[in-house]
Amino acid sequence: MPIATPKQYAAMLDAAQQGDYAYPAVNITSITTINAALKAFADAKSDGIVQMSTGGGQFASGLSHNDAVLGCIVLAEAAHRLAERYDILIGLHTDHCQPEKAAGFLKPLIEATAKRRANGQGNLFQSHMLDASILPLEENMAISKEYLELCAANEIILEVEAGVVGGEEDGSAGTEDMPAEKLYTTPEDMLTVYESLNGIGRYMFAATFGNVHGAYKPGAVKLRPDILKQGQDAVTGKHGEAAKFDLVFHGGSGSEKHQIKETLEYGVIKMNIDTDTQYAFTRPIADHMMANYEGVLKIDGEVERTITLSFEDLNENHCGREDVGICRCSAPIENQPVHFPKIVLRVIRVTMGIHLDIPRMDGLLLGRCSVGVTVIGLGMIALF
C-alpha cells in the first residue's frame, strides 16, 4: 500500500504507545537497502519506519555530488513507489540533523513536502529529526520550536533530542570529551522539553539513558531505562497522563532484549537500527567473496594479463579531484598497457590503478580500493 498518510502515521505511533511496542526504524542508503527493509517488514507482517541520514543522502546522490537533500528525495520517491507493492504501512523519516545543517537540509525537505501537498500529493516524509542536543537546552528548544512550527504546518512530526547519544553517527556526536551526565537526560530536562514544545505540533523525543550509536559487547554499554521512567513520571505528574512522551531509542543495535523490553514500558515507540543492518548487509558479501575467491577475485588463473586503458582526461599525474576525494591517478595513463600481477585478497595497490573511496552504508568512508579498470568493466578490487 502507499506510504502512510499523516493520519495513518499518527495512528501507528498511537497504537505503539497504547500497546507497549516500538517500530524498528531502519536506516537505508540505496534501492537495495530499501527493498531489504520493506521485505523484512512484510515478512514479519509489521508496519515500520524507513529512515535516512544526511550521510546516506549524500551517498545516494552520488559521491561526486554529496547532495544530501537530493539523495534523500530520490530515496524517498523510490520508497513511495516500491512500498505500493507491499501490504504494510511504512513511514519515512530523516535521522540526525545537527543545527548547523538544518537550514540546508531540513528546510528544503520540508519545502519538498509542502510542494507535493500543494499539488494534491501526499507528504514526501512523515517525520524528520532535528538533533540540536549539542546546544544548551534553552537554545536547543528555541530552534526546535522553529522547526516544529514548520513541520506542524505540513502535518510532519518532528523528532527532537536532549542529552547526547553516545558513539558516532555521520561523523558527529563523538563523546570522548563529553561529561558523563550529558549521556542521561534528567527529569528537569524532560519537563523543559514538554513545556517548551507542548501545543505547537506533534513531536517525538529522543531522551538519552546511556544509549550509544554502534554495536558493543554485552555489558560495555551502561543503559539506564529507569531514566525514561523518571522523566515520564515527572512530566505526567505535573501535566497529566496526556503529557506522556512518544520516546525514541537511538543506538538500538546490539542492545539486550530485556533492556529493550523495559524501555517499551516507559513510552519508547521507535527504535533506530543501523549498525546491525550494516553488518547484516556486509557480512554475507564478505563471506561470499572469501568463499568464492577463485571465481570473483582471481584473474585468469593468476596468469599475468595485459589490459589497455584509454582515459582521455587522465593524462596527468593526478586528475585534480582530490578535493572531492573521488579519484587519484598514480601515474599518467593514456592508451598505455597496464600489467596486473598475481592478485591476492589483500593486494595493497595496483601500479597504474585509480584509487576510489569505499563508502560505508551510511555514507561515511569505510576504506579505499584500487580499481584497475572501470571504464571497460574489467576491473580488479583490492581493499587496503
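When each of the peptides 59-67, 19-27 is scored by how many other beta carbons lie within 10 Å of its residues on average, the order from highest to lowest is 19-27, 59-67. For Leu109, Leu82, the sequence from fewest to most other C-beta atoms within 10 Å is Leu82, Leu109. Net charge near Ile269, counting Lys/Arg +1 and Asp/Glu -1 over other residues with Cβ under 13 Å of its Cβ? Net charge around Ile269: -3. Here region 6-280 is described by how far its Cα atoms reach on the three principal axes: 43, 40, 37 Å, from widest to narrowest. Each Cα pair of region 8-112 feeds into the Kirkwood radius, which the Stokes-Einstein equation turns, at 25 °C and 0.890 mPa s, into a diffusion coefficient of 172 µm²/s. For the cross-link pairs Lys107/Lys270; Lys101/Lys238; Lys7/Lys222, which exceed 32 Å when the distance is taken from alpha carbon to alpha carbon? Violating the 32 Å limit, Cα to Cα: Lys101/Lys238; Lys7/Lys222.
Since every read-out is calculated from the coordinates, none of them should be taken as a lab result. Since this is a predicted model, take the numbers as computed values, not measurements. Please note: Cβ atoms are built from the backbone with ideal geometry, for glycine as well, and neighbour counts cover all protein chains shown.
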